[in-house]
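What follows is a single structure, written as structure tokens, with notes after it.
The values are calculated or read from the model by the stated rules, or taken from the named source; none is laboratory data. The shown structure was predicted, so the numbers you read here are calculated from the model rather than taken from an experiment. Virtual Cβ from ideal backbone geometry, glycine too; neighbours counted across all protein chains shown. Please note that ligands, DNA and RNA were not included when accessible areas were found on the heavy atoms of the full protein model with its side chains. Shrake-Rupley method; radii C 1.70, N 1.55, O 1.52, S 1.80 Å.
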Amino acid sequence: MDRESLIKRIVEEKGDKAIPELVKLLKEGDSEVRDIVSEALFKLGNKAREYLLKEFHEGLKAQKKDDVYLLYVVDLLGDFGERSIVPYLYKLLSFYSFEEAELIIYEALAKLGEGDKVYDILRFFLLEDTERAKFGAQAAIALSYIDRPEIVKDLVQAIESGIFKGEELAILKQALSFVVMKNPMYREILLTLVGDNIEKYLY
């Protein structure tokens, strides 16, 4: 039985009782296992959210530097819409020394309605950072959760820059597709910017 099937079986057989076991896998597993476990925990809904919220506050108290497990917790709580963590996320930024972690926290803030506060830094990662080829796609995903019309122009500029290739370019197009899908006005902005070539910018 593969890992995904095993985790699915755990969830189906144990339900909410599987949460501590899944969280243990989230702490100790490799990135592939953690991704599968994250999906399973999200499917378990409110009970998982409550458990992860406790884990989040315990992580804050521990103040462990560069704790990857806590980033998975932050990402899930962002997906759950847990706005109570917003003030603590800004503090959490100081716990990490690498940009990927900062972007996960900024993305959670964007999901939780803080888009206007994190827009400028995310735009920097996408368009101005010297390592934007490395971090731009992650920034694009975070930007797609923010409801601002200028993000359409930002993503078009990034796509046209020629810096992003392959999977990263596909992620940018996915982000732009998500943005214009949410708001018909944004599709009109895209049409104004790129004309009949619109499908080349969407995924």
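Values as computed for the structure displayed
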{"quantity": "Filter result for residue 23 (over 24 Å from residue 110 (Cα atoms), modelled with pLDDT of 90 or more and open to solvent by less than 70 Å² (accessible area, probe 1.4 Å))", "calculated": "yes"}
{"quantity": "Residues within the range 123-140 that are open to solvent by 60 Å² or more (accessible area, probe 1.4 Å) and not basic (Lys, Arg), tallied", "calculated": "4"}
{"quantity": "Where a residue in the range 4-24 is within 14 Å of residue 45 (Cα to Cα) and its partner, wherever it lies, is loosely packed, with under 11 Cβ neighbours inside 10 Å, with Cβ under 8 Å and at least six apart", "calculated": "11/43"}
{"quantity": "Single condition residue 145 does not satisfy, out of (1) in a helix (DSSP H, G or I); (2) at pLDDT 95 or above; (3) under 18 Å from the mean Cα position of the chain (by Cα); (4) not acidic (Asp, Glu)", "calculated": "(1)"}
{"quantity": "Close pairs from the range 40-58: first in a helix (DSSP H, G or I) and open to solvent by 60 Å² or more (accessible area, probe 1.4 Å), partner at pLDDT 95 or above and small (Gly, Ala, Ser), Cβ under 8 Å, at least 6 apart", "calculated": "42/48"}
{"quantity": "Any pair with Cβ under 9 angstrom, 6 or more apart, that starts in the range 174-203 at a residue that is over 15 Å from residue 153 (Cβ atoms) and ends at one that is among the hydroxyl-bearing types (Ser, Thr, Tyr) and open to solvent by 80 Å² or more (accessible area, probe 1.4 Å)", "calculated": "174/203; 177/203; 178/145; 178/203"}
{"quantity": "Given (1) touching a residue at least 12 places away in the same chain (Cβ under 8 Å); (2) closer than 19 Å to residue 101 by Cα; (3) surrounded by fewer than 14 Cβ atoms within 10 Å (Cβ to Cβ); (4) of a type in the set (D, E, K, R), index of the condition residue 120 fails", "calculated": "(1)"}
{"quantity": "Residue 145 vs. criteria within 22 Å of residue 193 (Cα to Cα), out of contact with any strand residue (DSSP E or B) (no Cβ under 9 Å at 6 or more places or on another chain) and hydroxyl-bearing (Ser, Thr, Tyr)", "calculated": "yes"}
{"quantity": "Residue check for residue 100: of a type in the set (Asp, Glu) and crowded, with 17+ Cβ neighbours inside 10 Å", "calculated": "no"}
{"quantity": "Subset of the range 59-78 that is surrounded by fewer than 14 Cβ atoms within 10 Å (Cβ to Cβ) and of a type in the set (D, E, K, R) - its residue that is nearest to residue 142 (Cα to Cα)", "calculated": "66"}
{"quantity": "Selected residue [closer than 20 Å to residue 146 by Cα, outside any helix (DSSP H, G or I) and either at pLDDT below 95 or open to solvent by less than 80 Å² (accessible area, probe 1.4 Å) (or both)] from 186, 203", "calculated": "203"}
{"quantity": "Looking only at the range 79-88, and only at residues there that are touching a residue at least 24 places away in the same chain (Cβ under 8 Å) and of a type outside the set (Gly, Ala, Ser), the one that is most open to solvent (accessible area, probe 1.4 Å)", "calculated": "83"}
{"quantity": "Scan of the range 156-173 for residues that are part of a helix (DSSP H, G or I), open to solvent by 50 Å² or more (accessible area, probe 1.4 Å) and either without any contact (Cβ under 8 Å) to a residue 12 or more places away in the chain or of a type in the set (A, V, I, L, M, F, W, C) (or both), ordered by number", "calculated": "160, 166"}
